[in-house]
Structure formats: structure tokens, C-alpha cells
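> To start, I am sharing the structure in question, which I have written as C-alpha cells.
The values are calculated or read from the model by the stated rules, or taken from the named source; none is laboratory data. Small disclaimer: the values here were computed from a predicted structure and weren't measured. Neighbour counts run over all protein chains shown; Cβ positions are idealised from the backbone, glycine included.
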Amino acid sequence: MQDLLSRVDVVDVVGRHVELKKAGINHKGLCPFHGEKSPSFIVSPSRQTYHCFGCGVHGNAIGFLMEHTGASFVEAVEDLAQQVGMQVPQDERSPEQRERAKAEKARQQTLTDVLARAADHYKAQLRKSPRAIEYLKGRGLTGQIAARFGLGYAPEGWRALASGFPAYDDPQLVEAGLVITPEVESGEEAKRYDRFRDRIMFPIRNVQGDVIGFGGRVLDKGEPKYLNSPETPVFSKGRELYGLFEGRQAMRQREHALVVEGYMDVVALAQHGIGNAVATLGTACTAEHVNKLFRFTESVVFSFDGDAAGRRAAGRALEAALPHATETRSIKFLFLPTEHDPDSYVRELGAEAFERCIETAVPLSRQLTSVAAEGCDLGTPEGRARMLNQAKPLWALLPEGLLRRQLLGEIARHGQLPEAELQALWMGENAPQSAASASTAPA
């Protein structure tokens with residue numbers, strides 16, 4: 001590891017993400033981990049470290065990539081090793097496996113280059129479309145926020161994307177999910193066409209900032225309202241979150257991540273100064289989503305519409321979050337009035353009102369007992385037994401620790417059972433005998 005760190009230059013590593021200026025023997029820039037107007041972020045080439053005098057973050061090149069991009073330790077080491085042409089220590093793969101991995105990485109890089117070019121094309125088309133611009137203005141969005149999120153427009157027409165690429169028949173356009181080639185009978189020519197047509201385009205970026213896919217929203221009435229990129233070698237909707245790249249710094253500043261349901265929710269909240277929101281990509285929240293968020297913050301608030309669909313989505317998010325819940329992390333659930341989503345709420349009532357809603361969010365413990373009690377009459381033994389039966393699989397998802405023990409007691413109180421008895425039932429232990437039962441036991 002020291003050999004790797006001795007070969008990389010922390011100034012180069014940090015300089016790819018932060019604009020640095022020479023300041024004596026060091027380099028200085030605006031800290032990427034908290035908001036500031038005067039630079040207090042120092043990178044030292046002699047020590048090969050970075051330090052912020054504003055928020056106190058400190059580390060080396062590996063630590064910077066982990067903190068700033070959300071990479072794991074192994075991913076950060078592999079990234080740096082590739083930059084300096086080193087083989088990663090403890091890499092036990094065969095030469096063939098390493099070659100395949102290298103080829104796959106090159107393939108992914110090619111696809112992200114194609115997607116970046118498409119994003120530039122869509123942005124250029126937005127500037128040429130008064131109708132699309134007026135739509136965004138009508139949603140309360142400024143040019144600055146559209147530029148921050150790289151919003152664009154896919155024009156009407158079956159092959160509008162052809163003007164953005166030298167070869168419309170390039171198979172990488174299909175592999176990247178931008179163009180569709182329908183299945184045809186043998187001998188017939190397949191007529192390609194654009195996947196996204198007459199839609200506002202939302203580029204989806206990974207934590208490194210690469211465009212890996214798109215979400216497209218219709219301007220007028222039409223179905224589907226939102227259309228996402230398909231699964232590709234660089235895009236998996238079960239792993240990615242819209243707005244994570246743009247919102248990482250705000251998550252650290254506001255000390256929590258806000259998970260919403262739609263692209264427009266993320267952008268509208270950012271327009272009103274709430275920049276720490278991310279959205280799942282047309283799918284239920286997964287454990288992988290939650291794990292990724294906890295790389296950037298120790299507190300997550302899930303925001304859902306107050307209707308039945310929102311309640312169901314909250315139940316799935318609870319199941320995804322429970323394996324990652326600990327006594328050092330905060331997980332809460334926010335339910336808006338049934339007539340609102342975050343976009344409409346913040347536009348109609350303002351950022352302060354939305355912030356007050358966040359303050360009233362339900363903690364994970366209460367959400368768990370609430371979900372477990374759905375459809376149960378807790379005034380009857382039958383209802384309490386059903387509640388306990390529904391609570392058990394949820395409680396079992398929690399990792400070992402103090403929170404798991406605390407919630408056992410909470411569930412026991414709701415079920416009107418002694419905690420030790422419930423623990424014995426759920427953990428296969430012998431329940432302690434009460435004094436009454438002991439006195440009647442045969443000698």
C-alpha cells in the first residue's frame with residue numbers, strides 16, 4: 001500500500017475533482033466536503049495529504065477517493081493502481097480473468113463516452129426548443145438548475161439522435177440503451193429508432209460523475225410518463241440513485257440524505273435550496289441503495305406520497321433499510337399529504353414548510369411497529385398475536401446490536417408480552433419460569 005501511495009501524487013488525484021491553486025509549498029481550493037466561499041482546503045505535496053481547516057476532513061489519496069466518490073477501499077486502491085500501472089496486491093485472479101476485467105472496463109468506458117455525447121446532444125436540443133424551455137420554466141426551474149443537473153431535450157422524430165452521432169448504425173448506441181432495434185423476420189432489415197422521443201431528459205450519473213443512463217419525461221400527456229434507460233453494462237437501476245453525484249456535498253452539509261420517488265422531485269427540491277435529495281429509478285428502494293447512501297451520511301430520510309402506493313413503497317424501503325440500521329445511524333420516514341409529492345409541496349408551500357415536514361419524520365422504530373400492526377386489532381389477543389407474527393421477519397432483518405435489543409422490547413410492549421418471553425420465542429431460548437408456574441411445578 002505504501003508503494004502505491006508513493007507512486008501517486010495526491011495533488012493530481014484531488015485536482016481531478018477540485019480546482020486547486022498553488023499557495024506557497026501547498027495547493028489550496030474550496031473544500032468539496034462542505035460549503036464555503038473562501039478556500040480552506042489544503043493539499044500538501046510534501047506530506048501527500050489533504051486537510052480542511054473548515055470542517056476538519058483529512059486523509060491521503062485513497063481516503064479522498066473513498067470520501068469524495070463513495071468508492072470502497074478496494075475500488076479506490078484499484079483506481080489508483082490502474083492510474084500508475086501497478087497490479088493490485090492480493091489480486092489472485094488469473095491472467096485471463098484480469099484481461100477479461102480490463103476488457104470489460106474498456107467497454108464500459110466506451111459506453112459512458114457514448115452516453116456523455118448523447119447528454120451533450122440533448123442539452124443542445126433543449127436550447128433550440130422554446131416549448132421544452134417553457135415547460136421547465138412552468139415547473140419553476142431556472143437555467144442554472146437545469147445546467148447543474150445537465151437537463152436536455154430529446155426531440156420528436158424517430159431518428160433525431162442521428163444528428164448527434166457520425167454513425168447511427170453504431171451498435172454501441174443500442175448497447176447504451178439509446179437506440180432500439182426491433183426484432184424482424186429473417187432477411188428483413190431492422191429499422192432502428194430512438195428510445196427517447198419528445199421528452200425532457202435527465203442524465204443519470206454515477207458517483208464519479210459519468211453519465212450512465214437517462215430518464216425521460218413527457219412534456220404533455222402520454223404514457224409512460226417517465227421512461228428509463230434499460231439495464232446495460234454500466235447501468236443497473238437497483239444500484240444507482242438519481243441526484244447522488246449532484247447531492248453528495250449537500251448531504252454532508254445538511255447531515256442527511258433525503259430519498260424521494262421522482263427525478264422532478266429531486267430537481268424541484270434543489271431549486272428551492274434542498275440539494276440533498278436523491279431518487280430511486282422507477283424501482284423500489286433496495287438494500288444496495290441504502291448501503292450506498294450510508295457511504296455519504298449517517299442519516300437517511302425516506303419521503304413518500306401519503307397515498308396507498310406511497311405506503312407500500314415505504315414498506316419496501318423499510319425492509320431495505322433494516323439490515324443497515326444500527327444505534328449510530330438514523331433512518332426516518334416522511335409522509336406528505338395525499339394531494340402532494342415533494343415537487344408540488346415545495347412549489348406550493350415553500351422550502352421552510354418542507355423542512356418542517358422533515359422534522360416530523362417518523363423514526364424507524366415507530367415505522368416498524370406501525371407496519372407490523374397494519375390490519376391488527378391490538379385490543380384483542382388475536383390482533384396482538386398477528387402483530388407479533390408480522391413483526392418477527394422485520395425484526396430479524398436488523399443486525400445484532402443495541403438497536404435490535406431495544407426494538408425487541410418495543411415490540412414486546414406493543415404485544416403485551418414480557419420481553420424475556422418474546423426473546424425466548426423468537427431466539428429459540430428457554431423462557432424463564434414465573435414464580436407462579438414454579439410454585440405449581442411437581443417436586
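> Does segment 56-65 contain at least one residue that is touching a Gly at 6+ places or on another chain (Cβ under 9 Å) and part of a strand (DSSP E or B)? First the steps, then the outcome.
Step one: of segment 56-65, the residues touching a Gly at 6+ places or on another chain (Cβ under 9 Å) are 57.
Now drop any that are not part of a strand (DSSP E or B), which leaves none.
Scanning segment 56-65 turns up no residue that is touching a Gly at 6+ places or on another chain (Cβ under 9 Å) and part of a strand (DSSP E or B).
> Return the residue satisfying two criteria in turn: it lies in segment 81-103 and is among the charged types (D, E, K, R) and part of a loop (DSSP other than H, G, I, E, B), and of such residues it is modelled with the lowest pLDDT.
Asp91
> Looking only at segment 106-132, which residues are loosely packed, with under 13 Cβ neighbours inside 10 Å and either within 27 Å of the chain's Cα centre (by Cα) or not in a helix (DSSP H, G or I) (or both)?
Ala106, Gln109, Lys128
> Please verify whether segment 323-330 includes one or more residues that are over 24 Å from Lys292 (Cβ atoms), not hydrophobic (A, V, I, L, M, F, W, C) and not assigned by TED's automatic domain parsing to the domain that holds Pro399.
No, because not a single residue in segment 323-330 is over 24 Å from Lys292 (Cβ atoms), not hydrophobic (A, V, I, L, M, F, W, C) and not assigned by TED's automatic domain parsing to the domain that holds Pro399.
> I would also like to ask the following. On the given criteria, is Leu398 modelled with pLDDT of 95 or more, in contact with a helix residue (DSSP H, G or I) (Cβ under 6 Å, 6 or more places away or on another chain) and surrounded by fewer than 17 Cβ atoms within 10 Å (Cβ to Cβ)?
When the stated conditions are applied, Leu398 does not pass them.
> Could you check segment 43-72 and list, in sequence order, the residues that are over 15 Å from Arg16 (Cα atoms), of a type in the set (A, V, I, L, M, F, W, C) and at pLDDT 85 or above?
Those that are over 15 Å from Arg16 (Cα atoms), of a type in the set (A, V, I, L, M, F, W, C) and at pLDDT 85 or above: Cys52, Phe53, Val57.
> If you go through segment 213-229 one residue at a time, do you hit one that is charged (D, E, K, R) and more than 23 Å from Glu156 (Cα to Cα)?
The answer is no, given that none of the residues of segment 213-229 is charged (D, E, K, R) and more than 23 Å from Glu156 (Cα to Cα).
Residue-wise test of (1) modelled with pLDDT under 95; (2) touching a helix residue (DSSP H, G or I) at 6+ places or on another chain (Cβ under 7 Å); (3) not assigned by TED's automatic domain parsing to the domain that holds Phe302.
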{"site": "Val362", "(1), (2), (3)": "no, no, no"}
{"site": "Arg386", "(1), (2), (3)": "no, no, yes"}
{"site": "Ala391", "(1), (2), (3)": "no, yes, yes"}
{"site": "Ile411", "(1), (2), (3)": "no, yes, yes"}
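> Continuing with the same structure: Please name all residue pairs, on different chains or six or more residues apart, with Cβ atoms under 8 Å, provided the first residue is in segment 139-158 and is within 19 Å of Val346 (Cβ to Cβ) and the second residue is basic (Lys, Arg).
Here the result reads Arg139/Arg347; Gly140/Arg347; Leu151/Lys123, each pair linking segment 139-158 to a residue that is basic (Lys, Arg).
> Among (1) without any contact (Cβ under 8 Å) to a residue 40 or more places away in the chain; (2) polar (S, T, N, Q); (3) within 30 Å of Thr69 (Cβ to Cβ), there is one condition Thr181 misses while meeting the rest; what is its number?
Of (1) without any contact (Cβ under 8 Å) to a residue 40 or more places away in the chain; (2) polar (S, T, N, Q); (3) within 30 Å of Thr69 (Cβ to Cβ), only one is false for Thr181: (3).
> Considering only segment 133-184, state which residues are assigned to a loop (DSSP other than H, G, I, E, B) and acidic (Asp, Glu).
Residues satisfying the conditions are Glu156, Asp169, Asp170, Glu183.
> Spot the failing condition for Ala81; the list is (1) closer than 30 Å to Ile42 by Cα; (2) buried (at least 20 other Cβ atoms within 10 Å of the Cβ), and only one is missed.
It is condition (2) that Ala81 fails.
A quick yes/no check of all residues on (1) touching a residue at least 60 places away in the same chain (Cβ under 8 Å); (2) more than 22 Å from Val346 (Cα to Cα):
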position: Val290; (1), (2): no, yes
position: Phe304; (1), (2): no, no
position: Arg312; (1), (2): no, yes
position: Glu319; (1), (2): yes, yes
position: Ala325; (1), (2): yes, yes
position: Arg329; (1), (2): no, yes
position: Lys332; (1), (2): no, no
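> Which one is surrounded by the most Cβ atoms within 10 Å (Cβ to Cβ), of the residues in segment 321-351 that are more than 24 Å from the chain's Cα centre (by Cα) and assigned to a helix (DSSP H, G or I)?
Leu349
> Further, regarding this structure: For segment 165-178, how many residues are crowded, with 17+ Cβ neighbours inside 10 Å and over 13 Å from Arg195 (Cα atoms)?
The qualifying residues number 1.
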